[in-house]
1. Scan the stretch B:101-128 and report the pairs whose first residue is not assigned by TED's automatic domain parsing to the domain that holds B:His70 and assigned to a loop (DSSP other than H, G, I, E, B) and whose second residue is of a type in the set (A, V, I, L, M) and surrounded by 13 or more Cβ atoms within 10 Å (Cβ to Cβ), with Cβ atoms within less than 6 Å and a gap of 6+ or a chain change.
2. Would you be able to say whether some residue in the stretch A:58-75 is assigned to a helix (DSSP H, G or I), within 11 Å of DNA strand D (Cβ to nearest atom), crowded, with 19+ Cβ neighbours inside 10 Å and in contact (Cβ under 8 Å) with a residue 24 or more places away in the chain?
3. It is to be established whether one or more residues within the stretch A:71-79 are of a type in the set (A, V, I, L, M) and assigned by TED's automatic domain parsing to the domain that holds A:His32.
4. Quickly run through the stretch A:105-128 and pick out the residues that are surrounded by fewer than 16 Cβ atoms within 10 Å (Cβ to Cβ), among the β-branched types (Val, Ile, Thr) and in contact with a helix residue (DSSP H, G or I) (Cβ under 9 Å, 6 or more places away or on another chain).
5. Of the residues that sit in the stretch B:1-26 and are of a type in the set (A, V, I, L, M) and in a loop (DSSP other than H, G, I, E, B), which one is farthest from B:Val78 (Cα to Cα)?
6. Out of (1) more than 13 Å from DNA strand C (Cβ to nearest atom); (2) among the β-branched types (Val, Ile, Thr); (3) assigned to a helix (DSSP H, G or I), the odd one out for A:Ile90 is which?
7. Can you report the number of residues in the stretch B:102-119 which are at the interface with chain A (Cβ under 7 Å from one of its Cβ atoms) and modelled with pLDDT of 95 or more?
Number of protein chains: 2
Amino acid sequence: MHQPEHLKSAGLKSTLPRLKVLDLFENSKERHLSAEDVYKQLLSSGEDVGLATVYRVLTQFEQAGLLVRHHFEGGKSVFELNKGEHHDHIVCLQCGHVEEFYDTAIEARQEKVATELGFTIRDHSLHIYADCTKKKCPHKRLRMPPGTH
Amino acid sequence: MHQPEHLKSAGLKSTLPRLKVLDLFENSKERHLSAEDVYKQLLSSGEDVGLATVYRVLTQFEQAGLLVRHHFEGGKSVFELNKGEHHDHIVCLQCGHVEEFYDTAIEARQEKVATELGFTIRDHSLHIYADCTKKKCPHKRLRMPPGTH
DNA sequence: TTGCAAATAAGAACAATTATCATTCGTATA
DNA sequence: TATACGAATGATAATTGTTCTTATTTGCAA
């Protein structure tokens, strides 16, 4: 359960809160978690962490390359373990579930478009918001704030 | 300068603040403006509007289909006149300028990917963050908050 | 004109996040 | 193993972007 090496190699001290957060991401069923999610799950596991620490640790992990941050519509940041390989996301508007995909053609066209416009890509995000057509979708409607289109 | 018809047909009363905001979008050099941008520009034009009104009007215009809202990285919402045709965005990390593009291949592949995964697309956003290679780029560095990757 | 619902301005309230700061913890070293 | 010091933490204040509340004003139909 403890992987202090991950932290060590990232130049981070191996502290309880950091180990707990990392552990949570590695064992959670949902890959994508917000700061609030992490905080609440740690609390309900009996851990005693501060919300500020959660935010700090998440940001540090992001900078260390352990986590990747996403800004889906809805305002809050969402994190996932960095698998090393880039991928895009499709978010289910019914249940909020996030699926990942990677399409070579899309990636290639992006490069082409950017080059033609005189840009060098540093980063990109492609978010598809969709309705799940499978029946296994829990239909737990995702809160979509006004402003979501 | 006044286009009350736009408002009328959207079912909105033709009020001063609404006309001013609409006017600003139609005459501004920058297509993409945040609520703060709109508020400050109106103030410096000698107009007397409240920030709350700006937010309300922007949201109403979005719902009426006059404006489109985007969530670029950085937290704040950005609006632009709705031209009717969907397009994606490439944001210059140097100066913050936003260029628009549309690529049929990308759009088609998205549909394909979503269908294969069992989703029906409702909306999507593709944001490319890039460095401008042209010399005309003002190099007024865009504030990129921590959390931006 | 007048009346009244709709819209506004100002500021309080809110949610997500970051900053501050006194206390505690991890760990290199003695 | 004890200890000392800087790094990390938790509690809470502060900030930021946005929405809500309310008293007042405005657009417009009769």
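1. Note: pairs meeting the criteria are B:Asp103/A:Val113.
2. First, pick out the residues of the stretch A:58-75 that are assigned to a helix (DSSP H, G or I): A:58-64.
The next check asks that each one be within 11 Å of DNA strand D (Cβ to nearest atom); those that pass are A:58-61, A:64.
Then keep just the ones that are crowded, with 19+ Cβ neighbours inside 10 Å; that gives A:58, A:61.
Cutting the leftovers down to in contact (Cβ under 8 Å) with a residue 24 or more places away in the chain gives us A:58, A:61.
Looking for residues that are assigned to a helix (DSSP H, G or I), within 11 Å of DNA strand D (Cβ to nearest atom), crowded, with 19+ Cβ neighbours inside 10 Å and in contact (Cβ under 8 Å) with a residue 24 or more places away in the chain, one finds at least one in the stretch A:58-75, hence yes.
3. Of the residues in the stretch A:71-79, the ones of a type in the set (A, V, I, L, M) are A:78.
Next cut, assigned by TED's automatic domain parsing to the domain that holds A:His32 only: A:78.
Yes, there is a match, as at least one residue in the stretch A:71-79 is of a type in the set (A, V, I, L, M) and assigned by TED's automatic domain parsing to the domain that holds A:His32.
4. Residue satisfying the conditions is A:Thr120 alone.
5. Step one: list which residues in the stretch B:1-26 are of a type in the set (A, V, I, L, M), which gives B:1, B:7, B:10, B:12, B:16, B:19, B:21-22, B:24.
Restricting the remaining residues to those that are in a loop (DSSP other than H, G, I, E, B) gives B:1, B:10, B:12.
Numbers: B:Met1: 23, B:Ala10: 21, B:Leu12: 21 Å.
Ranking the candidates gives B:Met1 first.
6. Failed condition: (3).
7. Taking the stretch B:102-119 as the starting set, the residues that turn out to be at the interface with chain A (Cβ under 7 Å from one of its Cβ atoms) are B:103, B:105-106, B:109-110, B:113-114, B:117-119.
Then drop every residue that is not modelled with pLDDT of 95 or more, which leaves B:103, B:105-106, B:109-110, B:113-114.
Qualifying residue count, the stretch B:102-119: 7.
Residues are listed down the side, and each one gets a yes or a no for (1) among the hydroxyl-bearing types (Ser, Thr, Tyr); (2) within 9 Å of DNA strand D (Cβ to nearest atom); (3) within 14 Å of chain B (Cβ to nearest Cβ):
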{"residue": "A:His6", "(1), (2), (3)": "no, no, no"}
{"residue": "A:Leu12", "(1), (2), (3)": "no, yes, no"}
{"residue": "A:Thr15", "(1), (2), (3)": "yes, yes, no"}
{"residue": "A:Leu19", "(1), (2), (3)": "no, yes, no"}
{"residue": "A:Asn27", "(1), (2), (3)": "no, no, no"}
{"residue": "A:Ser34", "(1), (2), (3)": "yes, no, yes"}
{"residue": "A:Lys40", "(1), (2), (3)": "no, no, no"}
{"residue": "A:Leu43", "(1), (2), (3)": "no, no, no"}
{"residue": "A:Gly50", "(1), (2), (3)": "no, yes, no"}
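The values are calculated or read from the model by the stated rules, or taken from the named source; none is laboratory data. Owing to the predicted nature of the structure, the values given are computational and were not obtained by experimental measurement. Note that we place each Cβ from the backbone using ideal geometry, even for glycine, and neighbour counts take in every protein chain shown.
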